[in-house]
Structures are given as C-alpha cells and as structure tokens.
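Read-outs throughout are calculated quantities, based only on the coordinates presented, and are distinct from any laboratory measurement. The structure displayed is predicted, hence computed values, not measured ones. FYI the Cβ positions are ideal-geometry reconstructions off the backbone, even for glycines, and counts take in every protein chain you see.
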Amino acid sequence: MPRSFALRRPTRTELAVAAMALLLGVLGVLQYRWVGQLSADERERLRSHADTQAENLTDDFNRELTRAFFWLQFGPELRRDAPLEAEVDRYARWYSAAPRPELVKTIYRLTEPTTASGGWVVERFSRDPARLEAVSWPAELAPIRVELEKARETSRSGAQPARVLPTFASIPALLIPRIEQLQDRGDGRIVSAAPLNGYTVAVLDRGYLEKDLLPQLVERHFRLSQDPSLYVGIYGPGIAFSAPGGQVPAALRTAPDVTDGDMFEIRFFEFRRFVTDRRLEPPAGSTAVAATTAPAGPGVRVGPTPPGQNTVIVAREGRGNVVFRGRGGPGGPGGPPGRDGVPRWTVHVLHRAGSLDIAVSHARLRNLLVSFGVLVLLGASMGLVLVTTGRARRLAAQQIEFVAGVSHELRTPLAVIRSAAENLADGVVADPKQVKRYGDVIAGEGRRLTQMVEQIMEFAGFESGRATLDVRPADLGGIIEEALRGADPLVREHHATIERRGTTELPAVLVDPSAVSRSLQNLIVNALKYGGAPPAVVIDARRADGARREVSVTISDNGSGIAPRDLPHIFEPFYRGGDATARQIHGSGLGLSLVKRIVDEMGGRITVRTEAGKGSAFTLHLPLAPEGALAGGPAERPADAAGLGDPRVPA
Ligand code: ADP
C-alpha cells in the first residue's frame, strides 16, 4: 500500500491542535517573562527583608549600649528636687537594676589631672561593698588613654575644641563624660549641669556579648532556628561573630548579600527612652529630648531646644573640651558610619545558597522547569492526540482496504472452486487427467483460502489477547521439515527449487514449535510468491557465532527485492507492498506482521536483508533451549505436538 504524501486539507482536530500549540507558545513566552518578573521582585523582597532584619538587630544592640551610657552618666531618672546620684551609687545601681547588668564587665572612673604635670586618677569600681579603688592605668584601656591624652594636648594648645569618641568597639568599651551637680535656676525648669573633668569607662563583657546578647538578638530578628536560610555575621574591630554556630562560608565576611554598618553606636537622641527626666516639661510640639550646650557658656543647659537640633549632652566649651555634639535628623549625633571616623561593627547577612542572587536564580530555574514541564506535557499530549488520530485514521483506511482486499481474495478462489466443481458435477470433464487437474486446482485454491482464513484468525487472536504460545524445548530440524512439507504443494505449483544449507545437527530451541513452523511456512510462501521465475529458495539454519545464544534460520529468494519505501512498513499488519498490489499477487498483508509477533513473543527477532534485482533474505533468530533439554525424550515436532496434524497447516 504505497503512502500518499499529497497535501491534504487539515482536519478539524489538526486545526484545533495547531491553534492550541500556538496558544501554548504564547503561554510559554508569558510564563517565562512572568517568572522572570517574579524572581526580580522576590530578590528585592528578600534583600529588603534581610536589610530590615539587620537594621533591627543593630538598633536593638545599640539600644543596649545607649541604656548603659545614660544610666552610667545620669542614672535612669533625674529628679527636680534631688541632686544627681553619687557616682558610686549610680554604678551600683547598674548592677542591681539594669535589665542586662552582665553587659558591663568593669567600670572605671577617670579624673583628669588638675595641673599640667599631674597624672590621671584611675579608679575601678568594686561591687561588694560598692566602692572605688585607685588603680594604675589598666592595659585594656590603652586606646582610651591615647585618645584622652591627645584630646588634652589639643585643648591645651587652645586651637580647637577636642572631640572624644564615646565608643571604643575594639576594647569593647564606652567612654562616658561625667556630669557634675545640676543647678536649679529658680523655677526649676532650667537646670544646668557642669561637666566634670573626667569620664566613666564601661568595659563591656566580650564573652557575654558573643555568647548571650548577640545570639539572642540574632535569633530574635532572624529566627535561624526556624528558618535556617541565612548566615548572619558580625564583624569589626575586636569582633568576629557568626551564626549559626559551626563552619560558615568565607563569603559571609567577604561578599555578604546585605550589610549594616551602624552597630556599636550610642543613640543620643534616645535619651528620653532611658532616662526619665522629671525636671522638664517641655512645651508641646518641641522635639527636645535632652540637654544642649550653650556654645560659649561654661556649662550644660538642660531644656527645650529648637526642632532639628535635638540633642547634645555635655561640653566644656570654655575650656575647649567639647565632648559630644548633636545634630538633628534621624541619625542622631552619631551620624552615619564612617563619616565621623568612629570604628563600628557591621552586620553581614548571606544566603545559604551562596548568595541571594543564586538562591533566587535557583528558585527561578525550579519555577521555570515546573511551569515549562506542564507546558511540555500539554504539548506532548496534543502531539499524542495528533499521532493517535492519524494512526487511527490510517488503521481504519487499512482495515477498509483489507476487507475489500480479502473479499476480493476470497471471491477469486471461491469462483474458481465453484466453476471447477460445477464442471465436474455437470460431467463436462470426463478425462481422468483433466479430472486430476481440476482436483489440483480446487485443492490449491482451497489451500489458499485456508491459509488466509488462518492468518485472519491468528491476527484476531493476537489482537484480542486470546492467542497464547506454548513455548518449550523443540528440535529445529523437525520444525523446518514440517514447514517444508506444508509448503510442498505450492513449491510444486511454482516449479520452485528449495535448497537446504547450514548445519544438519541443530541444537534444540526454546519455541512454540507449531507457531515457528507456520512462520517459516509463511516466509517460504512469500519467497515463492515474490521470488524469481522459477523461484529458487534457500533455507539456511545455523547456530549464531559468538556469545549470542540463538539459532538463525534464513530464507532467501531470487526475487526482485523489496522497494526501499516499502521496507519500513512490511511488518505492519495489512501492509502490502506496491509491487505486490501492482502485480496482483494474492495476499492479505498479515503474514509478516504475524511472523514478527510470534518471534518477538518467544524472545527472538526477525531481520531482513534485501537487494534490488537479487532477492530478499528473512532471518528468524530463535532462542536456544537450555543444554540437554531434549536429551531425555523424543524430539518435539509440530505435527506431534498437534496430535494428528495441525489443522491450520495446509497439508
Ligand atoms: P502479503 O504477502 O500477504 O502481502 P506479508 O505480510 O507476508 O503480506 O508481506 C507484506 C509485504 O512485504 C508484501 O506485500 C510484499 O510487498 C513484501 N514482501 C514480503 N516478503 C517478500 C519477499 N520475499 N520478497 C519481496 N517482497 C516481500
């Protein structure tokens, strides 16, 4: 049945599938863009979330420092009618009342020399009982000492008011200017406090910071125990902390996704948060929170300040020793990191995937794979619909052709048989020779009819799944002989020659003997039908070389070969070669498809070689039976197996 490649109008199904395929393509593009957009948004969201977390962590940490700063400078409360607490009491109060007293490991009180040649008085606070003990400069305060002496130098030269930093992250410590008695100015609303010539130093407990405070704050803001998708590090002078514990990648330090460098900063504008000032009732709308400096005056004024200049604490402008100067704005007096040269700590955040970008691109890839997977699946199902409908249409056409072909095939032998029989019955033929010829014709046509009906029934049996094979060790030589016997009448009819080659002593094979015999017969009949004139058929059976455990039986003919366009289809049911239909050679197109099914089912295979003008060779490769499987009993032959002879094999 030659295939037609002529252009035809597409069916409705094909048009619908094409439209759906187009839609799928558009969906794919939209999906790709959408996933890209989602990823960009997700990256932004993750980054800003991590930013906020880092910022909140920094704020909380700085708040703890700020509390310590103000509590040790003023105490938690300033009262209208009472002077500042004595410093020793204030220090003791920190340990008895502060929410995190462990934060401060040691408190020192420093007093500036009164004379140019005098030395600093350094005292250490001791808790039980609360008192100050004079000590010599401790080594841990060396950086502070250097700063203070530099500042003294600068202010003595009288040029610029020297500035002393409030934080020393590398120690880590806070340097807090000491305040003298506040003075009541009549109505009790305006109070001034004179700065003392000295400082309180709070040395922070690094162990507590690293083991308690920082882990607590990191957990509070990043919740690593519940969502371990991030690494958090805190780096800077005197600190290298990372969470979660254990090994963290070097990129956390060198190439983090997010950083916040404001850690270790005193938030002066939060004075009110930590110190309750009962002396002040600032006018409504004022943003004043603490004390301002009278630029040239000899003291500190505590009172309302104009908006925008929200704080400042202590100064001694008269003597040229400005300690802290505040500016308005959200950064407070400290300002952004680096601008004032204060060394700070930095919070680093890194995504576990290696970076936020990698994590997002992984997620993007996953999303793309899933969504494209769905689209591909849809596309594949559409393709499958096309293929199946195409196949169904082809099969339907083949079956119609088959029915027509078979009817034709049946009609011819039936007509021949009927007319021969009528002639015989009418006594038209009386000559014994002629009677024999008529008999031969009737037998031949009958054989063809039987073979065709057999093939159709076998095909139907396979299609319905009812046909089963009885596979057992069998003697191949016997099977071949049986097949030859079955084909003998046709051989004679075609005046063909059959030659047997190969080994006579063949090993036993593991097959269904009668099915293999029918298959061989099919191949022999084909070799006769499509062979030369007269047909010369060669049957060659031999054991396969090498490691393959099989026997091959090749049936070759001297026909004109199989056309290349037919070759891929000859094993399909109902397929008939162009040559076969053109030459009106009888057949149903089922023979080879049955042979292939049978050998496949027995674990063998069929191969074909063909050469134009020279002929074709079909080879059955049959599996060997286990060694000695036939030794015990008589060799199994198809005729034996089928009792008196297989009725399906034309005799
Ligand atoms: P049928 O012989 O009834 O047409 P088959 O299934 O046996 O059906 O063969 C299918 C087709 O394969 C044939 O129509 C023919 O074109 C081709 N064919 C089979 N055997 C041979 C052969 N020995 N030489 C050439 N063509 C063959």
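Annotations for the structure displayed:
- Near ALA92: Cβ cut-off under 11 Å, other residues only, Lys/Arg at +1 and Asp/Glu at -1. The net charge is 0.
- With both labels modelled 7 Å from their Cα along Cα-to-Cβ, the SER225 to ILE456 distance reads 8.2 nm.
- Whether the range 467-623 is rounded, prolate or oblate, judged on the alpha carbon gyration tensor where a/c under 1.5 counts as rounded: prolate
- The residues packed around VAL599, meaning those with a beta-carbon under 13 Å from its beta-carbon, carry a net charge of 0 if Lys and Arg are +1 and Asp and Glu are -1.
- Listed by chain and number, the aspartates and glutamates whose C-alpha is less than 19 Å from the C-alpha of LYS105, apart from same-chain residues fewer than 8 away, are GLU64, GLU87, ASP89, GLU123, ASP128, GLU133, GLU140, ASP205, GLU210, ASP212, GLU265.
- Sorting the segments 126-139, 370-383, 590-603 by their mean number of nearby beta carbons within 10 angstrom, highest to lowest, gives 590-603, 370-383, 126-139.
- Potential extension, ARG156-ASP212 segment - 0.36 nm per residue separation minus Cα distance: 15.9 nm
- Under 22 Å of direct C-alpha separation, and excluding same-chain neighbours fewer than eight residues apart, LYS529 reaches these lysines: LYS596, LYS614.
- For ARG543, net neighbour charge (Lys/Arg +1, Asp/Glu -1) across residues whose Cβ lies under 10 Å away: 0
- FRET efficiency for MET20 and THR412, using Cβ-Cβ distance with R0 set to 56 Å, rounded to 0.05: 0.70
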